[in-house]
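Only one structure is covered here, and it is reproduced in the block below.
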Amino acid sequence: MKLADIAQVIRSKNAGPRRLTLDLMFATDADYQRVAQSPSLSRENIGARYRVAANDVTVIPYPAGRAIKIVLARPIMAGDPGDRDVYGAQQHAPLLEVEI
Amino acid sequence: MSASTRILDEVRRNRRPMRFLGASGQLGYGIPTPAFNAGLARKPDLIGCDMGSIDIGPTYLGKGEMATAPAATRRDLRKVLLGARSIDVPLVIGSAGSAGAGPHLDATLAIIREIARAEGLHFRLGVLRADLSRDGLRAAVRAGRVTGIDDMPVLTEEEVTEAAHIVGQMGMGPFRRALAEDIDVLIAGRACDTAIFASLPTMLDFPTGLSVHMAKIIECASLCCLPGGRDSILATLDDDGFVLESMAEQRRATPVSVAAHSLYEQADPYTVYEPEGRLDLSAAEYAAVDDRRCSVAGARWHTSSDPCVKIEGARRIGERAVLLAGAADPRFIAQHRDILPAVASVVRDLVCEDAPEDYTLRFRVYGVDGVRMAALAGEALPREVFIMGECIAPTADRAAEVVRTLKQYLLHHGYAGRLSTAGNLAFPFTPPEVSLGPAYRFNLYHLLHTPDPDALFPLEVETL
């Protein structure tokens, strides 16, 4: 199953101009548990999708919000020349098709 | 007696739960009137609005301009000002004018004074400035008291000198000092959004952890609800926790929706760093009061032994001009990765014939890789693309020269197998070249370590 078929929310945004934060939110505890335990969301796999080093990826489970937070270092600071997404609001797309 | 003194005296005399109305998370983009009026009817003790953010990028800070439209900003300010004065409670606005530097604050104050005149309002206005002294900052750089945030490069004195505007994010201290000065309306330059709401209850010894957690949620209005939205939200705070209730009937604050809000635009859902310390949400608890209200408890506060202020600055890097054009020829699209650099090279040879290569030219090809920071290899090419060529040059004339030359040579560039010899591009309108004015980048995003952060933010009080 693809992540887009199981998550209720898959979103991205800046957390400050140098970090990108991706939130995955789920409708039920079961959905949350299933994804939280999946190896697809390892730092290595996410880093490969965003072409950043695994060391620049943080994955934080947040059961109170039935959510998983992923934080990446932005390759280009928000608003710097060459940036493609100043708010970082469209960088969730590479996660949609992750197989769970 | 002004509103801040009245509320402080009243709660000191007769301690009771306090009510806070989060009127708007982005003042200047419209405040829905029914929910705001429903909030006023609940007699809040303070009305707060956040007006700015760093998310909008460096240009507003650099240019000293608001991101919001003047008419919409005036409409929102009028609404909250009239509302607060009608029930005689403090109105607190943070990060005035989008970026919170001097020009943004002054533009906001000009609107406030104009509304007061037009409406015959009289009140005491507190103003907190957020601009930092360059001399003080250069001295702090020399003394090693400035550190980068999130791997930001080490700050130099030259960057401090070159920044167009430099602001610090003030915390609760300056707001408390202002609220103690008998004011009705408080307008702050760049500020922590939490300080807007957490300053008053912490003056009255409500727990700091709960006050800051409440503030962090309601500064976004009803965004923490299901469905999230910009309607005003009411929080009722006591010594054990706070209860959230959207002032729009259809928006429900549920334990999961409120807990999930801690994720929003934060790198860590369990920790929020403020100048004076850190908010620890690891023991936060969320419980339903009923279908639409959620109670929250458990947040803890840890005062820092090393207070520091987040500083932001933007530096002009040139003038920006863009070319906007589409293409629908499959052969052109298939070869665009070779065509674009080839044309850029032709342009360079022409515009640099008698001038140095003093500009940058970048392309974004929408439909292919214009949006994602890292497009995946092997994706099929689309049937149409939109191409943006972006030049940043020392002068507006130079940037315009580059994109106008680019337009002509990209339009008529010959490539292998070309059938469309009358032109490669579709222009949605002419001129397809647009001059966008000065371009900026954030050159300060650092922490200033200082034993007395409050001293950086002077208070002015005026009577209208």
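Structure data summary
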item: Positions within the stretch B:430-464 being within 14 Å of chain A (Cβ to nearest Cβ) and without any contact (Cβ under 8 Å) to a residue 12 or more places away in the chain, in sequence order; result: none
item: Spans of strands (runs of 3 or more DSSP E) in the stretch B:360-464 with at least 1 residues assigned by TED's automatic domain parsing to the domain that holds residue B:157 and open to solvent by 30 Å² or more (accessible area, probe 1.4 Å); result: B:433-449, B:459-463
item: Helices (runs of 4 or more DSSP H) (entirely within the stretch B:96-179) containing at least 1 residues that are more than 23 Å from residue B:441 (Cβ to Cβ), basic (Lys, Arg) and touching a His at 6+ places or on another chain (Cβ under 7 Å); result: none
item: Whichever residue in the stretch B:87-126 is out of contact with any Asp or Glu (no Cβ under 8 Å at 6 or more places or on another chain) and basic (Lys, Arg) and, among such residues, is least open to solvent (accessible area, probe 1.4 Å); result: B:113
item: Sole exception among (1) open to solvent by less than 20 Å² (accessible area, probe 1.4 Å); (2) at the interface with chain A (Cβ under 8 Å from one of its Cβ atoms) for residue B:281, by number; result: (2)
item: The listed residue being buried (at least 17 other Cβ atoms within 10 Å of the Cβ), part of a helix (DSSP H, G or I) and not hydroxyl-bearing (Ser, Thr, Tyr), out of B:256, B:243, B:309, B:272; result: B:256
item: Boolean, residue B:351 is open to solvent by less than 10 Å² (accessible area, probe 1.4 Å), over 36 Å from the mean Cα position of the chain (by Cα), within 29 Å of residue B:63 (Cα to Cα) and not assigned by TED's automatic domain parsing to the domain that holds residue B:189; result: yes
item: Subset of the stretch B:46-86 [within 11 Å of another protein chain (Cβ to nearest Cβ) and open to solvent by 10 Å² or more (accessible area, probe 1.4 Å)]; result: B:53, B:54, B:55, B:56, B:59, B:60
item: Residues of the stretch B:215-240 satisfying the condition of being of a type in the set (A, V, I, L, M, F, W, C) and part of a loop (DSSP other than H, G, I, E, B); result: B:220, B:225
item: Test: residue in the stretch B:403-412 that is in contact (Cβ under 8 Å) with a residue 24 or more places away in the chain, of a type in the set (D, E, K, R) and within 14 Å of chain A (Cβ to nearest Cβ); result: no
item: Of all residues in the stretch A:43-100 being open to solvent by 40 Å² or more (accessible area, probe 1.4 Å) and among the basic types (Lys, Arg), the one that is nearest to the other protein chains (Cβ to nearest Cβ); result: A:51
item: Residue list for the stretch B:284-298, restricted to those being more than 12 Å from chain A (Cβ to nearest Cβ), part of a loop (DSSP other than H, G, I, E, B) and not basic (Lys, Arg); result: B:289, B:290, B:291
item: Members of the stretch B:347-361 that are under 21 Å from residue B:411 (Cβ atoms) and away from chain A (no Cβ under 14 Å); result: B:347, B:348, B:349, B:350, B:351, B:352, B:353
item: Tally of residues being under 26 Å from residue B:164 (Cα atoms) and charged (D, E, K, R) across the stretch B:402-441; result: 1
item: Selected residue [in contact with a Phe, Trp or Tyr (Cβ under 8 Å, 6 or more places away or on another chain) and in contact (Cβ under 8 Å) with a residue 24 or more places away in the chain] from A:87, A:32; result: A:32
item: Residue within the stretch B:139-147 that is at pLDDT 95 or above and under 24 Å from the mean Cα position of the chain (by Cα) present; result: yes
item: Top-ranked residue of the stretch B:362-396 - restricted to ones that are more than 10 Å from chain A (Cβ to nearest Cβ) and of a type in the set (Val, Ile, Thr), ranked as farthest from residue A:79 (Cα to Cα); result: B:385
item: Some residue of the stretch A:10-20 being open to solvent by 30 Å² or more (accessible area, probe 1.4 Å), more than 8 Å from chain B (Cβ to nearest Cβ), over 19 Å from residue A:97 (Cα atoms) and free of Cβ contacts under 8 Å to residues at least 60 places away in the same chain; result: no
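The values are calculated or read from the model by the stated rules, or taken from the named source; none is laboratory data. Quick caveat, the model's predicted, so the values are computed rather than measured. Note that each Cβ is placed from the backbone with ideal geometry, even for glycine, and that neighbours are counted across all protein chains shown. We work out accessible area using only protein heavy atoms, side chains counted, and drop any ligands, DNA or RNA first. Shrake-Rupley method; radii C 1.70, N 1.55, O 1.52, S 1.80 Å.
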